[in-house]
Amino acid sequence: MAFKTNFLWGGATAANQFEGAYLTDGKGLSTADVMTAGAYDHPRQVTWKNPITGETGATDFGFFTDKRQVPVGTIPAVIADNYYPSHTATDFYHHYAEDIKLMAEMGFKTFRLSLNWSRIFPNGDDATPNEAGLAFYDRVFAECQKYHIEPLVTLSHYETPLNLAIKYNGWADRQLIGFFVNYAKLVMNRYHDQVKYWLTFNEINLMDNAPFLAGGVIDGSPQNRAQAAHNQFVASALTVQAAHAIDTTIQVGQMLAYSPLYAYTADPADQLKVQLQQQATLFYSDVQIGGHYPNYRLNQYARDGIKLDDRHEDYALLAKYPADFLSFSCYGSNTVTTHEDKGNAAGNFMTGVKNPYLETNAWGWATDPDVLRIALNTLFDRYHKPLWIVENGIGWADELTADQKVHDDYRIKYLQANLSSMRDAVTIDGVDLMGYTMWGCIDLVSAGTGEMKKRYGFVYVDRDDRGNGSLKRLPKDSFYWYKKVIANNGSDLSH
Ligand code: BG6
């Protein structure tokens, strides 16, 4: 019992954290381009201006809040003298050939990347696409093909064209469905021979706690968040429908941020808290994979007075065109309790308490040796659809030695534990798993903090938190370890 011979090993990135070249060749601004860098102890900010008075300012990037992202009467904007990490990121735009070659050297079977929507439709609602932006992705896919690397393409990864945020309040407006499906059809028509695997919205469930990131929603009231999620569901279903009409070999996946939840105590109240919090996440896959709105969510909307701007045919579409597979990010577990004073913990856009059994990194994210087996079994039992782990990994402030090496044993240790747990889910429990793409395979900017210092890669990129550095690529120790893992198809994880 082992991984399938065509198991898709690889790594994952996102345009706004990796590409840079934020205005090159006609690209328009995206929501990511107005976000400054933060750190563990202070949040990123969204900069804004008042177009009438000229006043400028910045607002803390909002997680878990329904406050507006920028003040009434102002619009998010690039303001001089701020540092925006997406503007250069680690410059994949000019290093793509070298980067894909490094991926090929590791033996990647797949490379997850996102298309920057505003590179193709600079304003999101343009009548015609930007041919120079498309030409960049032509070059990228040609390079992948050269090494037989199968691209896995996310259509929207935290980079809504800024104009759509300003003019329509992002995904809260139904008109975005049309703009998105137009964009999706264009790129699927152009690339269907080279790209078989597509994802619609990165971590779609982030709409509940970070709507500006997930959908360019500036006014993230509960009503607007619910509407934005609905609009993304409908857009996803229409994308699945279009994909299958364009090419029957294309598969479109959902992408969910998923962390198994543990109760801190055996108190039934803690178990209930786990169940309800789990529903808040699985609502998104119940709709996008299961094909219908679950009662627990409909009842909540009724209680909260939320009324969707929906159409009868939306629900028929959701039922008829669910996603073909379920992909998810999973970095660790989350522990919750109804009891006070257990010490807060951090993680991938989540809140919880410290789990005394787990070690954490400098950003408070815990390493959980059983997390992938638990996650995979939970999702497979519920949906019986093929799964794909499209993000997993550990951020670390790697140190470059004098002889230009990075001895990242901590990363290898984390990945050994996670891959072993993933392998058990496949070989012991029989979960149908398509692939594994380690997050941030070549160093890139952190989405949560905007830092460079929080590195995930197998390849170090010479760049710091203020934008200094040569952008030179240097393989870390984990590069050689992962190469060996891929070569033996995950049967030997030793270092
Ligand atoms: C996921 C995102 O939430 O986690 C990525 O899809 C992100 O964009 C990754 O980079 C890791 O989070 P962070 O905050 O450490 O970059």
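Numbers below:
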item: Neighbours by Cβ (under 9 Å, 6+ apart or cross-chain): first from segment 242-266, without any contact (Cβ under 8 Å) to a residue 60 or more places away in the chain and within 26 Å of residue 207 (Cα to Cα); second open to solvent by 10 Å² or more (accessible area, probe 1.4 Å) and part of a strand (DSSP E or B); result: 243/251
item: Matching entry among 394, 389, 374 (being farther than 21 Å from residue 495 by Cα, surrounded by 21 or more Cβ atoms within 10 Å (Cβ to Cβ) and at pLDDT 95 or above); result: 389
item: Of residues in segment 1-46 being farther than 30 Å from residue 168 by Cβ, open to solvent by less than 10 Å² (accessible area, probe 1.4 Å) and away from the ligand (no atom under 16 Å from the Cβ), the one nearest to the chain's Cα centre (by Cα); result: 9
item: Checklist (1) farther than 23 Å from residue 327 by Cα; (2) surrounded by fewer than 21 Cβ atoms within 10 Å (Cβ to Cβ) applied to residue 150, failing item; result: (1)
item: Residue list for segment 117-173, restricted to those being within 16 Å of the ligand (Cβ to nearest atom), on the phi < 0 side of the Ramachandran plot and not in a helix (DSSP H, G or I); result: 152, 153, 154, 155, 156, 157, 159, 160
item: Every residue from segment 378-403 that is under 16 Å from residue 425 (Cβ atoms) and not charged (D, E, K, R); result: 378, 379, 380, 383, 384, 386, 387, 388, 389, 390, 392
item: Checking residue 33 against (1) without any contact (Cβ under 8 Å) to a residue 60 or more places away in the chain; (2) outside any loop (DSSP other than H, G, I, E, B); (3) touching a Phe, Trp or Tyr at 6+ places or on another chain (Cβ under 9 Å), the condition it does not meet; result: (1)
item: Failed criterion for residue 54 (all others in (1) without any contact (Cβ under 8 Å) to a residue 40 or more places away in the chain; (2) closer than 21 Å to residue 135 by Cβ hold); result: (2)
item: Test: residue in segment 183-199 that is buried (at least 24 other Cβ atoms within 10 Å of the Cβ), modelled with pLDDT of 95 or more and outside any helix (DSSP H, G or I); result: yes
item: Residue in segment 395-410 that is closer than 29 Å to residue 63 by Cβ, within 15 Å of the ligand (Cβ to nearest atom) and within 20 Å of the chain's Cα centre (by Cα) present; result: yes
item: Filter result (in contact with a strand residue (DSSP E or B) (Cβ under 9 Å, 6 or more places away or on another chain) and without any contact (Cβ under 8 Å) to a residue 24 or more places away in the chain) within segment 471-495; result: 472
item: Helices (runs of 4 or more DSSP H) contained in segment 240-358 and holding at least 3 residues closer than 30 Å to residue 419 by Cα; result: 268-288
item: Residue in segment 207-214 that is in contact (Cβ under 8 Å) with a residue 24 or more places away in the chain and over 17 Å from the mean Cα position of the chain (by Cα) present; result: no
item: Test: residue in segment 450-458 that is within 15 Å of the chain's Cα centre (by Cα), closer than 24 Å to residue 370 by Cβ, in a loop (DSSP other than H, G, I, E, B) and within 14 Å of the ligand (Cβ to nearest atom); result: yes
item: Among (1) modelled with pLDDT of 95 or more; (2) touching a helix residue (DSSP H, G or I) at 6+ places or on another chain (Cβ under 9 Å); (3) surrounded by 15 or more Cβ atoms within 10 Å (Cβ to Cβ), the one test that residue 88 misses; result: (2)
item: Selection count, segment 57-78, where residues are touching a residue at least 40 places away in the same chain (Cβ under 8 Å) and within 23 Å of residue 123 (Cα to Cα); result: 8
item: Out of 47, 5, 59, sole residue that is part of a loop (DSSP other than H, G, I, E, B) and of a type in the set (Val, Ile, Thr); result: 5
item: Unmet requirement for residue 51, which otherwise passes all of (1) under 21 Å from the mean Cα position of the chain (by Cα); (2) open to solvent by 20 Å² or more (accessible area, probe 1.4 Å); (3) of a type outside the set (Asp, Glu); result: (1)
item: Tally of residues being in contact (Cβ under 8 Å) with a residue 40 or more places away in the chain and of a type in the set (D, E, K, R) across segment 286-333; result: 7
item: Selection from segment 242-293 of residues that are open to solvent by less than 20 Å² (accessible area, probe 1.4 Å), under 20 Å from residue 355 (Cβ atoms) and among the hydroxyl-bearing types (Ser, Thr, Tyr); result: 258
item: Members of segment 182-206 that are in contact (Cβ under 8 Å) with a residue 60 or more places away in the chain and of a type in the set (A, V, I, L, M); result: 186, 187, 188, 199, 204, 206
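The values are calculated or read from the model by the stated rules, or taken from the named source; none is laboratory data. Note that the structure is predicted; figures quoted are calculated from it, not measured. Please note: Cβ atoms are built from the backbone with ideal geometry, for glycine as well, and neighbour counts cover all protein chains shown. When the accessible area is computed, the model is the full protein with side chains, heavy atoms only, and any ligands, DNA or RNA have been set aside. Shrake-Rupley method; radii C 1.70, N 1.55, O 1.52, S 1.80 Å.
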